[in-house]
Amino acid sequence: MLFVTGGAGFIGSNFILDYLSASDGQDDAILNIDKLTYAGNPYNLAGLAKDSRYIFSQTDIGDQTAITQLFQQYRPRAIINFAAESHVDRSIHSPDEFIRTNVNGTFNLLEVARRYRAELAADEQAAFRFLHVSTDEVYGTLGPDDAPFSETRPYAPNSPYSASKAASDHLVRAYHHTYGLPTLTTNCSNNYGPFHFPEKLIPLVITNALDDKPLPIYGDGMQIRDWLFVSDHCTAIRKVLADGKPGETYNIGGWNEKANIDVVNTLCDMLDQLSPKATGSYRDQITFIKDRPGHDRRYAIDAGKIQRELGWRPAETFESGIRKTVEWYLRHPTWVANVRSGAYLNWMERQYGAGSST
Ligand code: NAD
Ligand code: DAU
């Protein structure tokens, strides 16, 4: 049994679908532990409703009693912690929830996992893994000529979001160093792909473009992000879980540095091709607006370690991944409409009744 927290979110739901369909000899069932915040969308995993390998529990990772009970009941061999508040803009306006979930919630998982593992047989203790999914934002910002972030780069988080992720990474490190908990930490760059919540740049631009709304670019649009197609991130996490060395961290990235304005122009051009407007180009909707406070200028990941040590490298280029992404959004107007209207928030209740859980 594998525990996945935050499995109803963007990367978590891609991971669960990917894991359960992969044919690499893994035969685990998955327990998805998700509080279902605004970012959790169980509809992403509707296709697994009849799959006996998939179980859902609507639980807050900060709830010590409930998490302890789940460990005792399901006895996982590993836990992968995706659960987090993930949006930088929200962390600027209301940081509290970021501290509660990202810091206190991760602490709670570590503490419950430590106690649970202590009662396992020696071989099970050795095999147990706590994989913590983190971000490149913990390293702060790069200048134009700086080398990409390697695993030895000092932490310098700049937003409440990245500070909360950095704090959780430090706790994970401390639990390995102090208690010998077999932890693995991954620091990944910007993901994109199916099920991406349209508050983030790429899905926001695609969905706003199709709704004939402005495409908001913060500041001058010359900030750089390093884009990774989400299925490549999922493959990397499976690799780290299977072969990563306890106590180590692995940077994951797509070797795809792009300025935001170039990303938005690419999306507009692709939409012009795949879903043309009656007149003009989607580029006409681009609107420059006030910059994000404290906006990091450039992120870039050196993914050399995971390639050398675990043999992982991304399969998608930015061009192939972005085309798949735009095509996915064009093929899934109902998913987009449900997310935009908030209808997805009631989906669980409609399917299984109020207060549904394991
Ligand atoms: P997301 O916001 O789409 O999903 C987060 C999920 O966590 C949601 O399903 C939400 O309901 C759940 N959740 C939130 N608080 C919870 C709590 N207290 N208890 C249980 N569940 C809770 O996030 P995402 O983009 O899928 O990111 C997943 C993880 O990957 C995060 O830890 C994030 O920091 C990290 N990450 C994301 C990216 C990216 O580009 N999206 C890049 C690097 C790392
Ligand atoms: O780098 C990894 C991080 O990537 C993850 O840890 C975060 O969870 C994830 O949300 C993402 O953070 P960003 O802040 O980089 O992603 P976002 O999509 O919000 O913004 C991408 C860039 O686009 C960033 O420079 C801000 C800019 N932007 C964003 C939005 C929403 C705009 O110019 N306009 C917008 O409307």
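The values are calculated or read from the model by the stated rules, or taken from the named source; none is laboratory data. Everything quoted here is computed from the prediction, not taken from an experiment. Virtual Cβ from ideal backbone geometry, glycine too; neighbours counted across all protein chains shown.
Summary of values
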{"quantity": "Elements of type strands (runs of 3 or more DSSP E) in region 204-317, at least 1 residues being more than 26 Å from residue 6 (Cβ to Cβ)", "calculated": "215-218, 224-226, 257-259, 286-289"}
{"quantity": "Candidate set from region 278-325 (those that are more than 10 Å from ligand 2 (Cβ to nearest atom) and of a type in the set (Ser, Thr, Tyr)); member that is farthest from the chain's Cα centre (by Cα)", "calculated": "279"}
{"quantity": "Of all residues making up region 264-295, the number that are β-branched (Val, Ile, Thr), touching a Leu at 6+ places or on another chain (Cβ under 7 Å) and closer than 18 Å to residue 192 by Cβ", "calculated": "1"}
{"quantity": "Residue that is farthest from residue 90 (Cα to Cα), among those in region 285-307 that are among the β-branched types (Val, Ile, Thr) and surrounded by fewer than 16 Cβ atoms within 10 Å (Cβ to Cβ)", "calculated": "287"}
{"quantity": "Breaking point among (1) outside any helix (DSSP H, G or I); (2) near ligand 2 (Cβ under 7 Å from one of its atoms); (3) within 19 Å of the chain's Cα centre (by Cα); (4) aliphatic (A, V, I, L, M), for residue 184", "calculated": "(2)"}
{"quantity": "Candidate set: region 133-165, residues that are small (Gly, Ala, Ser) and within 11 Å of ligand 2 (Cβ to nearest atom); chosen: the one farthest from residue 13 (Cα to Cα)", "calculated": "159"}
{"quantity": "Residue list for region 123-173, filter: more than 15 Å from ligand 1 (Cβ to nearest atom), within 27 Å of residue 75 (Cα to Cα) and outside any helix (DSSP H, G or I)", "calculated": "128, 129"}
{"quantity": "Unique match (being over 21 Å from residue 139 (Cα atoms) and near ligand 2 (Cβ under 8 Å from one of its atoms)) among 204, 210", "calculated": "204"}
{"quantity": "Index of the failed condition, residue 99 passing every other in (1) at pLDDT below 95; (2) within 15 Å of ligand 1 (Cβ to nearest atom); (3) aliphatic (A, V, I, L, M)", "calculated": "(1)"}
{"quantity": "Unmet criterion (only one of (1) surrounded by fewer than 21 Cβ atoms within 10 Å (Cβ to Cβ); (2) farther than 30 Å from residue 334 by Cα) for residue 53", "calculated": "(2)"}
{"quantity": "Meets criteria (closer than 24 Å to residue 38 by Cβ, touching a residue at least 24 places away in the same chain (Cβ under 8 Å) and of a type in the set (Phe, Trp, Tyr)) for residue 329", "calculated": "yes"}
{"quantity": "Lone qualifier among 196, 177 - being away from ligand 1 (no atom under 15 Å from the Cβ) and either surrounded by 21 or more Cβ atoms within 10 Å (Cβ to Cβ) or more than 20 Å from the chain's Cα centre (by Cα) (or both)", "calculated": "177"}
{"quantity": "Selected residue (only one of 65, 59, 37 is of a type in the set (Val, Ile, Thr) and either part of a helix (DSSP H, G or I) or touching a Gly at 6+ places or on another chain (Cβ under 7 Å) (or both))", "calculated": "65"}
